[in-house]
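The values are calculated or read from the model by the stated rules, or taken from the named source; none is laboratory data. Worth saying up front: this structure is predicted, and the values here are computed from it rather than measured. Backbone-built Cβ (ideal geometry, glycine too); neighbour counts: all protein chains shown. Each accessible area value is taken on the protein alone, full model and side chains, heavy atoms only, with ligands, DNA and RNA left out. Shrake-Rupley method; radii C 1.70, N 1.55, O 1.52, S 1.80 Å.
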Amino acid sequence: MRRTHRGVPAVATLLSIVLVGAGACGGGFQQSGESGSTTSAKLRVLVNISPVLTKQFYANLVAPYEKAHPGVTVTIEAPTAADVSATLQQELAAGSAPDLVTGSLSTAIVPQLSELPDDSWVTDAPYAVQSKVGGRIWQAGSGTQVQSVVFYNKTAFGKAGISAPPRTFDEFTADLVKLKAAGYVPTQTAGDWVTGAQVQMMANPNVLNTKPDWFAERDKKSVTFADSNWTKVLDVYQGWVTQGLTPANAMGLKYQDSIDQFVAGKSGTYIMGSWLVPTLDSAKLPFDAGVFPMPTFDGSPAPLAGGPSIPWSILKSSKNQAAALDLVKYLVSDKTAVTAELAAEGNFRTGFDYQASALNKEIGKIVADARSTVVASAGQGDNSAPTGFGDEVNKLVQGLYVGETSPKVISALDDWYTANAK
């Protein structure tokens, strides 16, 4: 989902965008910038920050480009507000927008972006075409980020008497019960954005498997949450909460806390995106870690839910359009840059190889075996949910921890979506 903002590695970097008129943006709309030069420019880049995507990572990423273009300097800027989208909105209103941005953006930002050219380096970027809005491309990323996977503690599974990963949600729940009996936190979660993101990771492969354009259909009221597998997913998750199969103090935990708990060997499973791999690889785990694809209700293979990793966009107000575009081209097509971006989060792209860990290879096999792919998180381009969908899902799902019921959550989700549909 990678919900890139609020600390998630860029699954989190899907650009859910809708083409709207400039007037819809209200105050702070930026006029078109200037072309500028590719050999002399000072570029400001607003980036998503996560445990692995640090400011230093981005500085190292652009360093070879700066060396090859001595007249171009790149300044990396971290969000100063809650996330990339909120920071960008503030900077747009203040007339101080950056030249480039990567991360999760609100729908109101689209008119502020420069359309990317229909060149092969753009159209070859993973999910760039699928992310089109109004027939135009506004972002290009480095690779494919996988979200519909479950990391697990192989040692814990052995102690709990579980011989193989589950294929159905019934099996998954039964395994969680066994893990609890063996003294483990059955499935790790946290407050922040994590709770809702995990439910979306459970839902998308099981909802979009028969209707890949589900979000677009929901916009037209052709489908509803109540009449889809979203209802079953929420029932499963509520069952986990009521049976104590998630941490009792989940809402008091931060995203990093959830990582720390799993790394320490205290948790049996952890639903999270492929960006977790580098963190696990760099830790001295007291157990053997594995990963399996998201279970389904009938045991049939689920489609792979994913999206573009570290997608880049150019602000229309930039006075350095030529240099910004040249930098984006480097970031999404240069072998060195793309490989570094892929390796940072354990992502994938055909033709770009790097030294992969055993855990990363397990995910690679899941990718290779997937019968199809569907969008993750709140969708992409024209097949995406309204702005704020992820936050609303998160808020409603967290209500299950304070006595709310899954039927009421589903009803509230349908009401919210209808009120905010594009």
Counting only residues that are more than 22 Å from residue 50 (Cα to Cα) and among the β-branched types (Val, Ile, Thr), how many does the range 192-208 have?
1
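Any chance you could count how many residues in the range 336-363 are touching a Phe, Trp or Tyr at 6+ places or on another chain (Cβ under 7 Å) and at positive phi? Reasoning before the result, please.
From the range 336-363, those touching a Phe, Trp or Tyr at 6+ places or on another chain (Cβ under 7 Å) are 337-339, 342-346; that's our starting set.
When the remaining residues are screened for being at positive phi, the result is 346.
Here the count works out to 1.
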Within the range 353-385, residues being among the aromatic types (Phe, Trp, Tyr) and buried (at least 20 other Cβ atoms within 10 Å of the Cβ) number 0
Residues satisfying the stated conditions in the range 67-89, i.e. over 16 Å from residue 48 (Cβ atoms) and in a helix (DSSP H, G or I)
67, 68
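Quick one: which residue in 342, 327 is within 19 Å of residue 101 (Cβ to Cβ) and of a type outside the set (S, T, N, Q)?
Details: 342 fails: within 19 Å of residue 101 (Cβ to Cβ).
None of the other options fit; the residue is 327.
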Failed criterion for residue 97 (all others in (1) in a loop (DSSP other than H, G, I, E, B); (2) open to solvent by 40 Å² or more (accessible area, probe 1.4 Å) hold):
(2)
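Taking the options 414, 391, name whichever one is under 30 Å from residue 226 (Cα atoms), in a helix (DSSP H, G or I) and modelled with pLDDT under 95. Give the derivation first.
Details: 414 fails: modelled with pLDDT under 95.
Criteria check complete, one pass: 391.
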Within the set of pairs 6+ apart or on separate chains, which have a first residue in the range 190-214 that is in contact (Cβ under 8 Å) with a residue 12 or more places away in the chain, a second that is assigned to a loop (DSSP other than H, G, I, E, B) and of a type in the set (S, T, N, Q), and C-beta atoms under 7 Å apart?
195/189; 198/189; 200/377; 201/147; 201/148; 204/148; 205/148; 207/228
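Among the residues in the range 307-315, are any of a type in the set (Phe, Trp, Tyr) and over 19 Å from residue 149 (Cβ atoms)? Talk me through it step by step, then tell me what you get.
Within the range 307-315, the first condition is being of a type in the set (Phe, Trp, Tyr), and the residues that meet it are 312.
Pick out the ones that are also over 19 Å from residue 149 (Cβ atoms) and you get 312.
Checking the range 307-315: at least one residue is of a type in the set (Phe, Trp, Tyr) and over 19 Å from residue 149 (Cβ atoms).
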Mind counting the residues in the range 324-380 that are touching a strand residue (DSSP E or B) at 6+ places or on another chain (Cβ under 7 Å), within 18 Å of residue 280 (Cα to Cα) and hydroxyl-bearing (Ser, Thr, Tyr)?
0
What number of residues in the range 279-301 are modelled with pLDDT of 95 or more and β-branched (Val, Ile, Thr)?
2
Test each condition in (1) surrounded by fewer than 16 Cβ atoms within 10 Å (Cβ to Cβ); (2) part of a helix (DSSP H, G or I) for residue 284 and report the one that comes out false.
(2)
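Would you point out which residue out of 304, 276 is modelled with pLDDT under 95, farther than 29 Å from residue 421 by Cα and surrounded by 22 or more Cβ atoms within 10 Å (Cβ to Cβ)?
Numbers: 304 fails: farther than 29 Å from residue 421 by Cα.
Within the list 304, 276, the selection yields 276.
Out of all the residues in the range 220-235, which are in contact (Cβ under 8 Å) with a residue 24 or more places away in the chain, open to solvent by 30 Å² or more (accessible area, probe 1.4 Å) and either of a type in the set (Asp, Glu) or assigned to a helix (DSSP H, G or I) (or both)? Steps first, answer last, please.
Initially, the range 220-235 is screened for residues in contact (Cβ under 8 Å) with a residue 24 or more places away in the chain, giving 221, 224-226, 229-235.
Going one step further and asking which of them are open to solvent by 30 Å² or more (accessible area, probe 1.4 Å), we end up with 221, 224, 226, 229, 231-232, 235.
Passing the criteria: 229, 231, 232, 235.
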Among residues of the range 247-271 being open to solvent by less than 30 Å² (accessible area, probe 1.4 Å) and touching a strand residue (DSSP E or B) at 6+ places or on another chain (Cβ under 6 Å), the residue farthest from residue 57 (Cα to Cα) is 247
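Please work out if residue 338 is more than 30 Å from residue 420 (Cβ to Cβ), open to solvent by less than 30 Å² (accessible area, probe 1.4 Å) and assigned to a helix (DSSP H, G or I). Even if it seems obvious, please write down each step before you answer.
On the way: more than 30 Å from residue 420 (Cβ to Cβ): yes; open to solvent by less than 30 Å² (accessible area, probe 1.4 Å): yes; assigned to a helix (DSSP H, G or I): yes.
So residue 338 passes the test.
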The condition from (1) open to solvent by 60 Å² or more (accessible area, probe 1.4 Å); (2) assigned to a helix (DSSP H, G or I); (3) among the β-branched types (Val, Ile, Thr) that residue 350 misses is numbered (2)
Taking the range 386-422 on its own, how many of its residues are among the β-branched types (Val, Ile, Thr) and either open to solvent by 30 Å² or more (accessible area, probe 1.4 Å) or without any contact (Cβ under 8 Å) to a residue 12 or more places away in the chain (or both)?
4
